[in-house]
Structures are given as structure tokens and as C-alpha cells.
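S.K.: Next up is a structure, given as C-alpha cells.
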Amino acid sequence: MHRIAVIPGDGTGPEVVVEGLKVLEAAASHAGFSYDTTTFDFGGERYLASGETLPEGAIDELKSFDAIFLGAIGHPDVRPGILEQGILLEIRFALDQYINLRPVKLYPGVECPLRDKGPEQVDLVVVRENTEGLYVGSGGFTRKGTKDEIAIQESVNTRMGVERCIRYAFECCRARDRDRKLTLCGKTNVLTFAHNLWERVFNEVAEEYPDIETDYAHVDAICMWLVKNPEWFDVVVTDNMFGDIITDLGAMIQGGMGIAAGGNINPEGTSMFEPIGGSAPKYTGKNVINPLAAISAVQMMLEFLGEEEAARRIEGAVIEVLSTGKVRNLSAGKMGMGTGEVGDLVAGYVSKGVPGV
Ligand code: IPM
Ligand code: MN
């Protein structure tokens with residue numbers, strides 16, 4: 001029995017979560033595993049009504065689940081930062097979800113914005129450190145509001161945090177067994193303390209993985225090469241801030257936010273899976289948002305819960321929907337069908353099965 005906490009959240013989050021759960025149900029009845037879900041109302045509406053981001057005890061309660069399925073956090077009426085820090089980052093940090101795992105995979109049938117690149121060339125994973133760096137909220141103002149104001153925002157990189165992330169990336173690369181190539185993404189020429197630590201730890205850990213080819217690239221160069229030569233990358237490991245930035249770029253080369261999913265992983269604890277696109281408030285309630293990213297997040301969740309076959313079946317169903325051209329365009333409002341219909345299609349293929357899966 002898998003116990004799953006569900007946080008639909010804000011904006012279009014609840015709509016895509018419904019479709020994810022639809023597909024989860026189809027996968028569970030086919031594969032014969034059981035699960036239950038408990039829904040939490042954390043998000044902007046709750047904050048506006050109560051002034052509370054996460055209520056007392058919420059973190060402990062979330063820790064008791066096998067996994068968390070999150071829609072999106074972010075509300076147009078709440079000042080930026082409050083919900084992100086109070087809910088999303090709080091869960092990532094408090095549950096020590098120290099890996100943010102973001103696959104960038106172009107499926108057949110999806111139009112790649114990069115001329116001459118297809119599914120063979122766009123298939124990589126970004127392992128983003130998820131609990132440290134610029135995200136810890138360390139720093140402050142001096143002489144705030146004056147002409148002499150100083151704002152300092154510190155990047156915190158611990159040996160322990162860097163090492164466990166890099167180790168996870170080597171393991172991930174080995175398990176994927178694609179090109180067996182791990183690229184460290186940093187800015188060693190400017191971040192001469194933080195990324196010097198990353199580089200030293202990377203080289204040290206690499207000695208334990210002689211079967212993995214290692215490479216290094218500056219973050220700005222990675223942005224260029226992800227567009228020009230995405231096939232150079234198999235697994236990329238990087239810090240929190242750079243990982244945030246390059247995975248939005250990654251999402252675009254795999255067809256857009258409509259299809260990009262990610263996992264916030266604590267290998268020894270409770271992990272959280274989410275579509276990475278955000279709450280897209282302007283599309284809320286219009287039945288136009290693409291649920292494929294949320295459905296792919298369910299696929300990742302099942303993989304981590306040990307339901308590999310069910311996960312593969314979901315991926316097969318998503319590929320079937322895409323490669324047969326049933327979803328015309330992955331962008332909100334351009335799919336040629338509604339959010340619910342896309343979910344129905346995928347759930348249908350999960351139940352019926354598709355050739356080859
Ligand atoms: C993401 C988001 C978050 C992040 C924001 C909402 C804090 O952009 O999951 O990539 O920066 O991690
Ligand atoms: Mn982001």
C-alpha cells in the first residue's frame with residue numbers, strides 16, 4: 001500500500017493533479033497495487049484566508065507519507081516569495097529532499113524547437129542540488145532604504161551537501177547506462193569558493209566511478225550547448241540556482257512546460273513529485289492547461305515507489321498520445337482538446353495498453 005499526500009496547490013495545479021490521479025488510478029488497477037491519497041489544501045487561498053503557509057505539524061505529517069504529489073504553488077494575490085518559501089522550499093528543505101531530478105527527454109511526435117534535433121539527441125537528466133546554495137535565504141540588508149544600502153545574499157555550500165548530490169548524480173548516470181557521462185555545471189572562474197568546492201568533490205568522487213566519463217562546463221556555455229548540441233549531455237549535476245535556470249531551458253527543448261516533470265528526492269525519506277511549470281494563473285479553470293507534465297510526475301513517483309512496470313506503462317501511454325499526433329501542440333490552449341480529455345486519453349492507453357509496452 002502506497003500512502004500518497006496530494007497538494008493540488010494554486011492556479012492550474014488542481015486541474016492537472018486531477019488528471020495525474022486519473023492516470024494513477026488506471027495504472028494501479030492494471031498493475032494491481034493499492035494506494036491511498038490524502039489531500040492537503042496548502043497554497044495561496046489558504047494563506048489568504050488564514051495567514052498561514054504551512055500549519056503547525058504539517059511537516060511531520062507529510063514525512064509520514066511514502067510520496068507527495070504536488071500541483072503548483074504560486075498565487076497572483078500573494079507577494080512573490082511568501083508561498084514559495086513558506087510552502088515549496090520549506091517542504092524541500094524540511095524533508096531534506098536534497099536532489100531535484102529533472103529529466104529532459106524529447107518524445108517522438110513532439111516538435112522540437114531546435115532544427116535537426118530529435119528524440120535521439122534530446123535525452124538527458126539534470127541532477128540539481130535542492131537544499132543549499134543561494135536558496136537557503138542567508139544574507140540581509142544593511143542601511144535598508146537608504147542610498148548606502150547593501151544587500152547580501154549568500155550561497156551556502158557544505159561539503160556534505162555537495163558530496164551527497166554529486167554521489168547521487170554518479171549513481172544516476174550509472175543506472176541510466178546511456179552514455180555514462182556526467183557533466184559538472186558551474187562557474188569555477190567566478191565562484192572561486194563555492195564552485196571550487198564542487199570541483200574538488202566532483203574530481204574526488206569521480207575516482208570511485210572509473211566507468212563514468214566526466215566533463216565540466218560553465219553554466220553559460222551549458223546554456224549555449226543545450227541549444228546547439230543537446231546530444232553532448234547525459235547527466236548534468238549542478239547547484240540549486242544554476243539547476244533552476246538550466247532546467248527551464250531544458251523544458252523548452254523537450255517541448256515546453258506542458259511536458260516537463262521533476263522529482264524532489266530524499267532517497268531515504270519522503271520525496272515529492274511535481275510538474276515544473278508553476279501555477280499558470282491566467283489559464284486557471286479554463287480546461288486548457290496541459291496535464292502531461294503532471295502525468296509524467298506521477299510516472300516518476302511510481303518509479304521511485306518501485307512500481308517500475310506501471311511507470312513504464314504510463315510513459316508508453318504518453319508516447320502513444322504524442323506520437324499519434326493526438327495532442328496537436330503542448331502549449332496551454334493549443335492542444336486541440338481539453339485538459340480532461342488529454343488525461344482520459346492517457347488513462348485509456350494505460351488501461352488498454354499500447355503495442356510494445
Ligand atoms: C522550480 C521553481 C522554484 C525554484 C520557485 C517557485 C521557488 O522555479 O521549482 O524550479 O526556484 O526552485
Ligand atoms: Mn524553476
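S.K.: Quick one: net charge around Gly243, please, counting Lys, Arg +1 and Asp, Glu -1 for every other residue with C-beta under 15 Å from its C-beta.
M.R.: -2
S.K.: By how many nm would the segment from Thr142 to Gln85 grow when fully extended, if each residue of separation counts as 0.36 nm and the alpha-carbon distance is taken off?
M.R.: Full-extension gain reported as 18.3 nm.
S.K.: Taking neighbour Cβ counts within 10 Å as the exposure measure, how do Leu54, Leu124 sort from fewest upward?
M.R.: The most exposed by this proxy come first: Leu54, Leu124.
S.K.: If the chain between Ala151 and Asp179 were fully stretched, how many nm would it gain, using 0.36 nm times the residue separation less the Cα-Cα distance?
M.R.: Gain on stretching Ala151 to Asp179: 5.8 nm.
S.K.: Suppose a student asked you for the relative contact order of the chain, using Cα pairs under 8 Å spaced at least 6 residues apart; what percent would you report?
M.R.: Details: 753 pairs, mean separation 89.2, N = 357.
Averaging sequence separation for qualifying contacts and normalising by length gives 25 percent for the chain.
S.K.: How much length, in nm to one decimal, is gained on full extension between Ser29 and Glu56, taken as 0.36 nm per residue of separation minus their Cα-Cα distance?
M.R.: Full-extension gain reported as 6.2 nm.
S.K.: If you wrap a convex hull around the alpha carbons of segment 19-131, what volume per residue comes out, as a whole number of Å³?
M.R.: Considering the Cα atoms of segment 19-131, their hull volume per residue is 168 Å³.
S.K.: Right, another one. Does segment 219-330 come out rounded, prolate or oblate by the C-alpha gyration tensor, with a ≥ b ≥ c the root eigenvalues, rounded set by a/c under 1.5 and, if not, prolate when a/b is larger than b/c and oblate if not?
M.R.: Details: a/c = 1.40, a/b = 1.14, b/c = 1.23.
In terms of gyration-tensor shape, rounded.
S.K.: Counting other C-beta atoms within 10 Å, which of Thr192, Thr131 has the fewest, and how do the rest follow?
M.R.: By the 10 Å Cβ count, ascending: Thr192, Thr131.
S.K.: Another question about this same structure. Just flag the GluC sites (Glu not before Pro) in segment 52-107 sitting in loop per DSSP whose Cβ has no more than 11 other Cβ atoms within 10 Å.
M.R.: Qualifying residues, ordered by number: Glu56.
S.K.: Looking at segment 169-290, what % of its DSSP beta bridges pair antiparallel, to the nearest 5?
M.R.: Around 30 percent of the beta bridges assigned by DSSP in segment 169-290 are antiparallel ones.
S.K.: Can you tell me the relative contact order of segment 1-106? Whole percent, Cα pairs under 8 Å, sequence separation 6 or more.
M.R.: Reported relative contact order: 38 percent.
S.K.: Arrange Ser64, Ser351, Ser271 by Cβ neighbour counts within 10 Å, fewest through most, would you?
M.R.: Starting with the residue having the fewest Cβ neighbours, the order is Ser64, Ser351, Ser271.
S.K.: Report the far tail of the P(r) of the chain, meaning the percent of Cα-Cα pairs longer than 34 Å.
M.R.: 25 percent
S.K.: Using the basic label-point model (7 angstrom from Cα toward the beta carbon), what is the Ser351 to Ala221 distance in nanometres?
M.R.: 5.2 nm
S.K.: Let me ask something else. Give, as a single signed number, the net charge of other residues whose beta carbon lies under 11 Å from the beta carbon of Ile7, with Lys and Arg counted +1 and Asp and Glu -1.
M.R.: -2
S.K.: Give the long-range amide H neighbours of Val6: residues separated by 5 or more places, or on another chain, with amide H under 5 Å away, using H modelled in the peptide plane at 1.01 Å from N.
M.R.: Distant-sequence amide H within range of Val6: Thr38, Thr39, Phe40, Phe69.
S.K.: So, one more: What nm value, rounded to one decimal, do you get for the distance between Glu308 and Met337 when each label is placed 7 Å out toward the C-beta?
M.R.: For Glu308 paired with Met337, the spin-label model returns 3.1 nm.
S.K.: If I take every Cα pair under 8 Å that is 6 or more residues apart in segment 141-282, average their sequence separation and divide by the length, what percent do I get for the relative contact order? Show your work: numbers first, answer last.
M.R.: Values: 152 pairs, mean separation 29.9, N = 142.
Relative CO of segment 141-282 lands at 21 percent.
Quick note: the coordinates plus some simple rules give every number you see, no bench work behind them. Predicted model, so just to flag it, every value in this text is computed and none were measured. As a convention, Cβ positions derive from the backbone with ideal geometry for all residues, glycine included, and neighbour counts pool all protein chains shown.
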